[in-house]
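S.K.: Structure provided below as structure tokens; questions to follow.
The values are calculated or read from the model by the stated rules, or taken from the named source; none is laboratory data. Everything quoted here is computed from the prediction, not taken from an experiment. FYI the Cβ positions are ideal-geometry reconstructions off the backbone, even for glycines, and counts take in every protein chain you see.
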Amino acid sequence: MQYQQQQPQPVEDGLGTSGGTSGVNGHSGTQPVNPINRKKLASWVGFSNLPNQVHRRSMRRGFNFTAMVVGESGLGKSTLINTLFETKLYEPKQIPAPGVDRGRTVQIESISADIEENGVRLKLTVVDTPGFGDFVNNDESWRPIVDNIEARFDAYLEQENRVNRLKLVDNRVHACIYFIQPTGHSLKPIDIEFMRRLHTKVNLIPVIAKADTLTEEEVVLSKRRVLADIAHHGIRIFQPPQYENEDEETIQENEEIISKVPFAVVGSDNIVRSPNGREVRGRAYPWGVIEVDNEEHCDFVKLRQMLVRTHMEELREHTNDILYENYRTDKLKAMGVSQDESVFKETNPAAKQAEERALHEAKLAKMEAEMKMVFQQKVQEKEQKLKQSEEELYARHREMKEALEKQRLDLEDKKRRVESGRPLTPEKGTKKRFGIGK
Amino acid sequence: MTPNAPIEVQAGSYVGFDTITRQIEHKLLKRGFQFNVMVVGQTGLGKSTLINTLFASHLVESKGRIEPEAVSPSTTEIHAQSHIISENGVKLKLNIIDTPGYGDLINNEGCWDPIIKHIKDQHSAYLRKELTAMRDRYIPDTRVHCCLFFINPTGHTLKPIDIVVLKKLTDVVNVVPVIAKADSMTLEERALFKERIMAELQHHQVRLYPFDAEENDDEELQLNQRIRSMLPFAVVGSERNVVIDGKSVRGRKNRWGVINVEDERHCEFVYLRNFLTRTHLQDLIETTAQIHYETFRSKQLLALKESSAKQQQQSAPA
């Protein structure tokens, strides 16, 4: 909207930018560029309270977050989730007895929990994928996972297209934590294949699991190799976005987080005693105690920071604004819905329908006429053919009759001659030969 | 007429045939010993490092994929590397057979076939050399004496591919299962994991080395029992030295602790090494020759006899 002002003032404001004045003269739409007009306030208006209002509304509604964990079994996925959210979301796994058939396909299981902290309610859903990478033949093991993610997108798309859209439930997967085995080498083929299939549909966060088997140099090497592999295959993992007007501290934090990707994590929901007597969350080995919450020991703190404390909302936004929109665009294009430029055309749906129906009927009628014509043609042809063969038959009939007559006369002649006693050519007998043709 | 059982006699004075052991030793020392070991396991489990640690020398290079452009190797590239290490005048010719690419692909169906084929090929080559009319004096023994099977330290249980491969391997070679990278499990997790693995193996009736023979005396039987109770060995390998209490030992150093590979409280590397080299080395070679090779040989010869009998039958009526 153009803002008309009588006295363009040179603007100097606390923000430090010199905005150009918009010299408007009532013309609309002819200026190509609207320079930003920053005004200084004379007294306190009060809209700086907006974030608080948003805050109150969000608190009322509560938040919801869906994370998916993918990785071979035994990499510590359940433990890490328990550690991240400090709740025993996953009970210790029941190992099936030996010989029990463990199924052939990847299953998708999801667990939900409502947790609360300082009055903020979070509905956390974790989607687990048991069986991924565990079989002898893991072809297409990513397919059930991709199908599940797309199904959630579809569900949301459907909700958006409903008549009553007041209660939108967001079940889309906001983050996918992919667990890499701590081999120290590069990614395995199954890792690469999976990431390639999923990086456009979900925020991928690769983590190196069970990082307590790696020494410091191995961790650094491992990360470098994993990143090289990811770059080589063009896989897009989740990068915390950088904004211009953030403060120094946040920018530095962000940089630190980005520098540690992929995170080398260790999970533990047990409390152990560290060498200097403190009770910490960690794992106790004969040669030392690794503390999960210690930044020097592993990257768990950074992962938690990114996932929960600073970038949860980013993940949701990214899922909604980019991943979901891309999916929606592709899907609608595939369905043949084209972009309609004239949005506010006066379309009377009934007239449109009648028009369509008329078109359709015309088409049908045309088809009918065509078919009739073809039918007629064929009938004629057949008639002609039949007539021809009829005539032929008649002709032959006549011929044969004549031939027969002739034979008969012949035979009678011979009979008379035989009766009159005159010998002639050897007896032919009185057999009337009706042989039609030979 | 059955021969009478030999009667034990005590010689009157010292004869001197007890030096036969030294004569044999002398001969054998000149010839040297041959030991072939195969390592089977997924990439990144520390197989090459463990071999280097076991024999305290840099014998094999790690074959992991390092560059993104490199292609993962496939198991068809099985080859043996030969080394000769000597200690106190005893020469050991070591053949290390690595199996890169096992279990690394997305579809691992049949990835164990090249491995089994390789083992059988060695038996087959030896049999052929044995059966020729003009045999060499000492047939070079390339038969696989021991197969170290590396298990992924998941903490849960064996993977389906491991079970399939173990079943096939134990039929043709001595298999010693090993839990790789055991520094990722605490002691309780380790004990639980071992229990589950042994239960699983027993359920599938997989026969693990060491086997008990009748001629073993009590001491050996006890030793075997102890070894069996420790299977699978939870090991950590390292070629690099770290300093613990002023001493330089092989180990791994983290920010939060130092693992000493040779410390029994940390991992079971010492037991594995003693088992392989100090107590059961000769037994491994013998078992391969007497049990696995004999089974293979009898099957082959029977099959040969059958096929030649069939051929005779076919050619007789004609």
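S.K.: Can you name the residue in region A:141-166 that is part of a loop (DSSP other than H, G, I, E, B) and without any contact (Cβ under 8 Å) to a residue 24 or more places away in the chain and is also nearest to A:L198 (Cα to Cα) among such residues?
M.R.: That would be A:N161.
S.K.: Take the conditions charged (D, E, K, R) and crowded, with 16+ Cβ neighbours inside 10 Å and apply them to B:R196. Does it pass?
M.R.: So B:R196 passes the test.
S.K.: Can you tell me which residues in region B:27-63 are surrounded by 15 or more Cβ atoms within 10 Å (Cβ to Cβ), of a type outside the set (S, T, N, Q), within 14 Å of another protein chain (Cβ to nearest Cβ) and farther than 20 Å from B:Y271 by Cβ?
M.R.: B:G44, B:K63, listed by residue number.
S.K.: Conditions first: (1) surrounded by 13 or more Cβ atoms within 10 Å (Cβ to Cβ); (2) in contact with a Pro (Cβ under 9 Å, 6 or more places away or on another chain); (3) at pLDDT below 85. A:Q107 passes all but one, so which condition is the exception?
M.R.: Answer for A:Q107: the failing condition is (1).
S.K.: While we're looking at this one, here's another question. Given A:E253, A:E217, A:E246, which one is loosely packed, with under 13 Cβ neighbours inside 10 Å, out of contact with any Leu (no Cβ under 6 Å at 6 or more places or on another chain), at pLDDT below 85 and not small (G, A, S)?
M.R.: Step by step, each of A:E253, A:E217, A:E246 is checked, and only A:E246 is loosely packed, with under 13 Cβ neighbours inside 10 Å, out of contact with any Leu (no Cβ under 6 Å at 6 or more places or on another chain), at pLDDT below 85 and not small (G, A, S).
S.K.: Further question: More than 24 Å from A:T319 (Cβ to Cβ), part of a loop (DSSP other than H, G, I, E, B) and either among the β-branched types (V, I, T) or in contact with a Leu (Cβ under 9 Å, 6 or more places away or on another chain) (or both): does that describe A:T183?
M.R.: yes
S.K.: Among the residues that make up region B:124-135, is at least one of them more than 26 Å from B:F35 (Cα to Cα) and surrounded by fewer than 16 Cβ atoms within 10 Å (Cβ to Cβ)?
M.R.: The answer is yes, given that some residue of region B:124-135 is more than 26 Å from B:F35 (Cα to Cα) and surrounded by fewer than 16 Cβ atoms within 10 Å (Cβ to Cβ).
S.K.: Of all residues in region B:160-201, which are out of contact with any helix residue (DSSP H, G or I) (no Cβ under 9 Å at 6 or more places or on another chain), facing another protein chain (nearest Cβ under 8 Å) and under 29 Å from B:I285 (Cα atoms)?
M.R.: Selection gives B:I161, B:V164, B:A199.
S.K.: A further question follows. Looking at A:H199, A:H174, which one is farther than 30 Å from A:Y285 by Cβ and touching a helix residue (DSSP H, G or I) at 6+ places or on another chain (Cβ under 6 Å)?
M.R.: Answer to the selection: A:H174.
S.K.: Quickly run through region A:221-236 and pick out the residues that are among the hydrophobic types (A, V, I, L, M, F, W, C) and farther than 15 Å from A:L204 by Cβ.
M.R.: Result: A:L221, A:A228.
S.K.: So, in region A:167-214, how many residues would count as being over 25 Å from A:V289 (Cβ atoms), surrounded by 22 or more Cβ atoms within 10 Å (Cβ to Cβ) and of a type in the set (S, T, Y)?
M.R.: Residues that pass the stated criteria total 2.
S.K.: Just name the residue that is farthest from the other protein chains (Cβ to nearest Cβ) out of those in region A:276-306 that are out of contact with any Gly (no Cβ under 6 Å at 6 or more places or on another chain) and among the aromatic types (F, W, Y).
M.R.: A:F300
S.K.: I've got another one for you. Starting from residues that are basic (K, R) and away from chain B (no Cβ under 14 Å), keep the ones in region A:167-192 and report whichever is nearest to the chain's Cα centre (by Cα).
M.R.: For region A:167-192, the residue satisfying everything is A:R172.
S.K.: I would also like to ask the following. Going by the conditions given, is B:R250 touching an Asp or Glu at 6+ places or on another chain (Cβ under 9 Å), part of a strand (DSSP E or B) and either closer than 25 Å to A:R283 by Cα or basic (K, R) (or both)?
M.R.: In short, yes.
S.K.: Answer yes if at least one residue in region B:24-33 is in a strand (DSSP E or B) and out of contact with any helix residue (DSSP H, G or I) (no Cβ under 7 Å at 6 or more places or on another chain), and no otherwise.
M.R.: Yes, there is a match, as at least one residue in region B:24-33 is in a strand (DSSP E or B) and out of contact with any helix residue (DSSP H, G or I) (no Cβ under 7 Å at 6 or more places or on another chain).
S.K.: Let me ask something additional. Taking the options A:R273, A:R309, name whichever one is surrounded by fewer than 19 Cβ atoms within 10 Å (Cβ to Cβ), within 14 Å of chain B (Cβ to nearest Cβ) and more than 30 Å from A:I192 (Cβ to Cβ).
M.R.: Being surrounded by fewer than 19 Cβ atoms within 10 Å (Cβ to Cβ), within 14 Å of chain B (Cβ to nearest Cβ) and more than 30 Å from A:I192 (Cβ to Cβ) holds for just one of A:R273, A:R309, which is A:R273.
S.K.: Looking only at region B:219-248, which residues are of a type in the set (V, I, T), free of Cβ contacts under 8 Å to residues at least 40 places away in the same chain and more than 12 Å from chain A (Cβ to nearest Cβ)?
M.R.: Within region B:219-248, just B:V243 meets the criteria.
S.K.: Could you please find all residues in region B:148-176 being outside any helix (DSSP H, G or I), touching a strand residue (DSSP E or B) at 6+ places or on another chain (Cβ under 9 Å) and of a type in the set (D, E, K, R)?
M.R.: If the condition is that a residue be outside any helix (DSSP H, G or I), touching a strand residue (DSSP E or B) at 6+ places or on another chain (Cβ under 9 Å) and of a type in the set (D, E, K, R), then B:K159 is the only one that fits.
S.K.: Please verify whether region A:150-166 includes one or more residues that are surrounded by 18 or more Cβ atoms within 10 Å (Cβ to Cβ) and either within 30 Å of B:I259 (Cβ to Cβ) or within 14 Å of chain B (Cβ to nearest Cβ) (or both).
M.R.: No, every residue in region A:150-166 fails to be surrounded by 18 or more Cβ atoms within 10 Å (Cβ to Cβ) and either within 30 Å of B:I259 (Cβ to Cβ) or within 14 Å of chain B (Cβ to nearest Cβ) (or both).
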